[in-house]
Amino acid sequence: MFDDADAVPEGRWSALEERLRAGLVAVLPLRVELIEQRRPVVLASASHGNGRTLRSVVDGAALTGGVEPEGLPLARLLERGAGHLRAAAEAQRVQSEAAAQQARALAAFAAARPASALDRTDTEVGAAAAASRAARPAALTAVSEWAVDEVMVALRLSAPATSALLTDSITLVQQLPATLAALEVGDLTWAHARMLCEVLAPIAEDTVRGQVEARVLARAGGKNVSALRVAAKRAVLRADASAAARRLAAAVRDRSVRVHPGADGMASLTATLPVPVARACYRMLEAYALDCATPGDGRTTDQRMVDCLVDLLLRPDADGRPPVRAQLTVVAGVGTLTGGDEPGEVDGQPVPAELVRALAAALGLLPPTPPDNHAATDPDTAADTDTGTAADTDSGTAAGTAADTDADTAAGTDPAKSDSAPADTDTEGSTGTGTGGQASAALAELLNLRSVAGTGLAELPRIAVIDELSGQLRALTFPSEIRRTATTGQSLRPPPPTAGYQPSAALQRFVRARDRRCRFPGCRAPAERCDLDHNTRYPDGATSCDNLCCLCRHHHRLSHQAPGWTMHRLPDGGLQWTTPTGDRVTTHPPRYGTDDDLPPPPEPRPTPTAGALGHPAPPDDEPAPF
């Protein structure tokens, strides 16, 4: 009878249930309510130090994550919501227990990486600079400087996050055992524990610290992190007033300004200041924002405060004072500059295409784009047509098409053969009158600049010639060089090797543009702040793009000094890092047009011919000496 019944849809009765209900109602004077099946689901598991496994079993209905069925009685809705909340609380307790176990494991790891056995002493050549040692957290002074990097690779965290995690773990185990115990049983969250590390750990005397810790934990029940922070600070000030003054002096020495990337092309500029100074600066910005408000000004107070801060720092209208100059590195495709949607980069951070165009317009490099003109045409087609036209004005169809193809699509095609592209494309572009044509003409003028005088540029813009399949940089050049190679039949290649140890200026630019940041796993140091490292030590290895990579100073030292670490250059240009624990991680230069750190696809290696885009010679496969 019910063989053709449908499966039970989510949140509704099945055909089988409907037929049962109808039959029962017809024969019995009873009210029938079908109760949905509830399945036990394992929410999480964690291993105790004694080997026992913790399993948290909750009602399967609590994990659906969907919208509750309509028409449920209020009491049942409240009951189901309580079930969801109990599941969330249980998950948090399990997370707290796991965090405590991780803290114990990381503290034990740090003890197995003593600085006395692994790091160079202050008097040895190549030791860490005094400023670097002074900047390390106190909890890490006895730990090898390379330990953070090992944890960073294993846990896939950033360097600051790893340093903070390792510091908090050591602090909890060595200085705040009662806090660690409360974390392990779920009385505190990891956020509470981190805050107590920050507030209580600076107390120098163990006895005083233990007393303050016990007093704070006794009052921790039901308090969120902010409320417990206030209570902890008051307890510290009451119990250790003289030490608080010393810590204040140390904190003032650590004042700083930081930039943190945000979402949608935004960033946060933060200054760490003494409280009175910070409050005074904030109040003054509020006053400036109030004074600059005018009738019809639709900006909020926060927006006017930000604008005032920018004006005060950059002084765009300062009379009698030199202008403020700040250098930014902008990476954008031709399609982006002429109306496409592909994001660009500013100092290594991805930003929306509109922000790139707005920056170019603000610097007077390109005409502003009307709001209703965005993406009026296909970005790729517009870029191809416009750029080809601009170059045609100077050097003819063949050269123009070569510049168009290589600059926009990251070429990989033969410039000498690119004159086979349809000629009507160039002709149409040259007669275009829309905003896209204006932007293309301005872009062509920008790329053909001979001097930066009178512009907002620090140096002349270059065209990055990109392999279309791999996204990897093949050459960094000017339009004039592209036209020359197209007419002479020569190929575009990376700069040649340098005879000596120091790379040429052109070779430095190419390697930094290719790598764009430090090549250590997870490090985001921009290439401009990196050393150029010979993967195979000079003079055994050449000073060439195939034997150079960008490494920040710390990871440059790690590649040559850290015991147990090796760095091996692969034939495809990847760097394979092996940690002392045997983990292997390979990094590649990020592809242009994306932030993906993926290996380039295998490419055929045909016999080079005149006029073909040159590929660099296979890199040396020998590991760098350490």
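The values are calculated or read from the model by the stated rules, or taken from the named source; none is laboratory data. This is a predicted model, so every value here is computed, not measured. Because the Cβ atoms are built from the backbone with ideal geometry, glycine has one as well, and the counts that use them run over all protein chains shown. When the accessible area is computed, the model is the full protein with side chains, heavy atoms only, and any ligands, DNA or RNA have been set aside. Shrake-Rupley method; radii C 1.70, N 1.55, O 1.52, S 1.80 Å.
What the table shows:
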read-out	value
Filter pass, T336 being touching a strand residue (DSSP E or B) at 6+ places or on another chain (Cβ under 8 Å) and modelled with pLDDT under 90	yes
Residue within the range 501-518 that is open to solvent by less than 20 Å² (accessible area, probe 1.4 Å), modelled with pLDDT of 90 or more and more than 23 Å from the chain's Cα centre (by Cα) present	yes
Matching residues, the range 142-162, being open to solvent by less than 30 Å² (accessible area, probe 1.4 Å), polar (S, T, N, Q) and under 22 Å from the mean Cα position of the chain (by Cα)	T162
Of all residues in the range 100-122 being in contact with a helix residue (DSSP H, G or I) (Cβ under 7 Å, 6 or more places away or on another chain) and farther than 21 Å from C197 by Cα, the one that is least open to solvent (accessible area, probe 1.4 Å)	R113
Residue list for the range 123-141, filter: open to solvent by less than 70 Å² (accessible area, probe 1.4 Å), assigned to a loop (DSSP other than H, G, I, E, B) and on the phi < 0 side of the Ramachandran plot	A127, A128, A129, R136, P137
Residues of the range 466-500 satisfying the condition of being under 16 Å from L548 (Cα atoms) and open to solvent by less than 50 Å² (accessible area, probe 1.4 Å)	Q472, L473, R474, A475, P494, P495, T498, G500
Failed item, numbered, when D168 is tested on (1) assigned to a helix (DSSP H, G or I); (2) surrounded by fewer than 22 Cβ atoms within 10 Å (Cβ to Cβ)	(2)
H534 being touching a Gly at 6+ places or on another chain (Cβ under 6 Å) and closer than 24 Å to R120 by Cα	yes
Residue, farthest from A513 (Cα to Cα), within the range 452-475, restricted to residues that are charged (D, E, K, R) and part of a loop (DSSP other than H, G, I, E, B)	E468
Subset of the range 258-303 (residues that are farther than 23 Å from Q349 by Cα, in contact (Cβ under 8 Å) with a residue 12 or more places away in the chain and surrounded by 13 or more Cβ atoms within 10 Å (Cβ to Cβ))	L273, L285, E286, Y288, A289, C292
Filtered residue count, the range 556-565, keeping only those that are in contact (Cβ under 8 Å) with a residue 60 or more places away in the chain and in a loop (DSSP other than H, G, I, E, B)	3
Unmet requirement for V259, which otherwise passes all of (1) closer than 21 Å to A131 by Cβ; (2) in the same structural domain as V199 (by the TED database)	(2)
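Conditions (1) assigned to a loop (DSSP other than H, G, I, E, B); (2) surrounded by 15 or more Cβ atoms within 10 Å (Cβ to Cβ); (3) in the same structural domain as E124 (by the TED database); (4) basic (K, R), marked per residue:
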{"site": "E528", "(1), (2), (3), (4)": "no, no, no, no"}
{"site": "D533", "(1), (2), (3), (4)": "no, yes, no, no"}
{"site": "R537", "(1), (2), (3), (4)": "yes, no, no, yes"}
{"site": "C549", "(1), (2), (3), (4)": "no, yes, no, no"}
{"site": "H554", "(1), (2), (3), (4)": "no, yes, no, no"}
{"site": "M567", "(1), (2), (3), (4)": "no, yes, no, no"}
{"site": "D572", "(1), (2), (3), (4)": "yes, yes, no, no"}
